[in-house]
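Just below is one structure, and these are the notes that go with it.
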Amino acid sequence: MKEIRIISPSGAIDPAYIDGARSRLESWGFIVSEGRHARDVWGRFAGTDEDRLADLIEALNDPSVDAILCSRGGYGLQRIIDRVPAITKPIIGFSDITALHQLSAISNQCSVHGIMCKHIATLPEDSEPIVALRKILNGEAVEYAWPSHPLNRFGHAEGPLVGGNLSVLYGLQGTAYDLRSIYDLRFKISNFRPILLIEDIAERHYHIDRMMRNLRMSGVLANIGGLVVGQFSDCEADPQMNQTVYETIKEVVADYDYPVLFNAPVGHVERNLPLWLNRHTSIDSSPNGTLLLNGLDI
């Protein structure tokens, strides 16, 4: 990657974060450009639907742009995703950007689930997400390890990593961008069952239960090779559910035998480690810990 284009396809952002991210990326040797409407504000959105869509299409069509960094998530892509053409270069972001990751998978294009302008601008240079993002922007694979969680289901799996924010994935169910269509495509391409990544923020416990059971009843959870469960931040405990959020997720996938890795350092937290999506990934879970190798060549 040489030139990175910053756009704002979802929520409005403090321009200072764009400035800070641009400065850091340029210090790494990248050329950084901006969409014409990256700093716009239109209510909660970074410009009108037409303006945000225009910036995205322009970035996709510009041959000088090697990758697209979304400035932030929020909300907005659900309003325009059905008008976005095939993705032709890596998209970087998470949360609401999950919609673009889904379209990237359909387009057979890798993308990056990772930090955006705020954290690129403010995290220390030696912080784990910053160091890992620099590696990924240089096209490298990454390796992460974390302690075993008591709810983990042990085992090994490998395949293309897909997914992202659970609420966005749920909102795309029954559309051309849902997980089942991507699973069918990715399996035909790689002969590996995809590994699903999920995370979320500020969702009620019973909403998470509803979304997970939708994925089970629609056949999504029966057709994956592994599950990586990231952080469910600011999801208040609900004593009436009689279990934790992680316990609910474990219960929903109890009928399957693939490995399940809880407490992955991914999500709406400062230690949000970037991951290649739609690239080959290997996961291993044992009592000794969890290992994830991501962005591998098959």
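Axis angle, to the nearest 10 degrees, between helix 15-27 and the longest C-alpha principal axis of the chain: 90 degrees.
For the chain, the relative contact order is 19 percent, taking Cα pairs closer than 8 Å that sit 6 or more residues apart in sequence and dividing their mean separation by the residue count. Each part gets one Cα centre, and for the range 26-54 versus the range 57-102 those centres are 11 Å apart. Give me the net charge for the shell around N242: Cβ to Cβ below 13 angstrom, other residues only, Lys and Arg +1, Asp and Glu -1. Around N242, the surrounding residues sum to -4. In nm, to one decimal, how far is the modelled label at S23 from the one at R204, with both set 7 Å along Cα→Cβ? About 4.3 nm, to one decimal.
Let a ≥ b ≥ c be the square roots of the eigenvalues of the Cα gyration tensor of the range 74-118; is it rounded (a/c under 1.5), or, if not, prolate (a/b larger than b/c) or oblate? It is oblate, given that a/c is not under 1.5 and a/b is not larger than b/c. Loop-located chymotrypsin sites (Phe, Trp or Tyr not before Pro) in the range 71-155 (DSSP state not H, G, I, E or B) with no more than 15 neighbouring Cβ atoms inside 10 Å: Y75, F154.
Using DSSP, restrict attention to beta bridges with both residues in the chain and report what percent are antiparallel, rounded to the nearest 5.
Details: 24 of 49 bridges.
Rounded to the nearest five, the antiparallel share is 50 percent.
Can you work out the FRET efficiency for the pair Y75 and F154, with r the C-beta to C-beta distance and R0 = 30 Å, to the nearest 0.05?
Numbers: r = 37 Å, r/R0 = 1.24.
Step by step, r from the Cβ atoms, then E = 0.20.
Restricting the count to DSSP beta bridges whose residues both fall in the range 145-297, what percent are antiparallel, rounded to a multiple of 5? Numbers along the way, then the final one.
Numbers: 16 of 29 bridges.
Approximately 55 percent, going by the DSSP bridge assignments.
With 0.36 nm allotted per residue and the present C-alpha distance subtracted, the N138-S181 stretch has 12.5 nm of extension available.
Using the Cβ atoms and a cut-off under 11 Å, what net charge is assigned to the surroundings of P9, where Lys and Arg are +1 and Asp and Glu are -1? Walk me through the numbers before you get to the answer.
Details: positive: R52, R72, R79; negative: D49, D51, D55, D96.
Within the 11 Å Cβ shell, the charges total -1.
Among V142, V162, V228, the largest mean-square fluctuation in a Gaussian network model of the chain (Cα springs under 10 Å) belongs to V142. Rounded to the nearest 10 degrees, the inclination of helix 128-137 to the longest alpha-carbon principal axis of the chain is 70 degrees. Relative to the longest principal axis of the Cα atoms of the chain, helix 205-217 runs at roughly 80 degrees.
How high is the relative contact order of the range 3-140, in percent, with contacts defined as C-alpha pairs under 8 Å that are six or more residues apart? Before the final figure, lay out the partial values.
Values: 262 pairs, mean separation 37.1, N = 138.
It comes to 27 percent, rounded to a whole number.
Write down the percent of antiparallel bridges among all DSSP beta bridges whose residues are both part of the range 3-140, to the nearest 5.
15
For the chain, the alpha carbon convex hull comes to 122 Å³ per residue, rounded to a whole number.
Hey, what did the range 105-215 get for relative contact order, percent, Cα under 8 Å, at least 6 apart?
Working: 74 pairs, mean separation 30.4, N = 111.
Answer for the range 105-215 is 27 percent.
When the trypsin sites (Lys or Arg not before Pro) in the range 1-87 are filtered for DSSP coil states and for at most 15 other beta-carbon atoms within 10 Å of their beta-carbon, the remaining sites are K2, R36, R44.
Backbone geometry of the range 261-278 corresponds, through the Karplus equation with coefficients 6.51, -1.76 and 1.60 at θ = phi - 60°, to 3J(HN,Hα) couplings of 10, 9, 6, 5, x, 9, x, 7, 9, 5, 8, 9, 6, x, 9, 6, 9, 6 Hz, x marking Gly and Pro.
Lys pairs in the chain, Cα-Cα under 20 Å, at least 8 apart or on separate chains: how many?
4
Label-to-label distance for D257 and Q243 is 2.1 nm, based on points extended 7 Å past Cα in the beta-carbon direction.
Since every read-out is calculated from the coordinates, none of them should be taken as a lab result. Just so you know, these numbers come straight off a predicted model, no measurement behind them. When we count neighbours, we look across all protein chains shown, and the Cβ atoms used for this are built from the backbone with ideal geometry, even at glycine.
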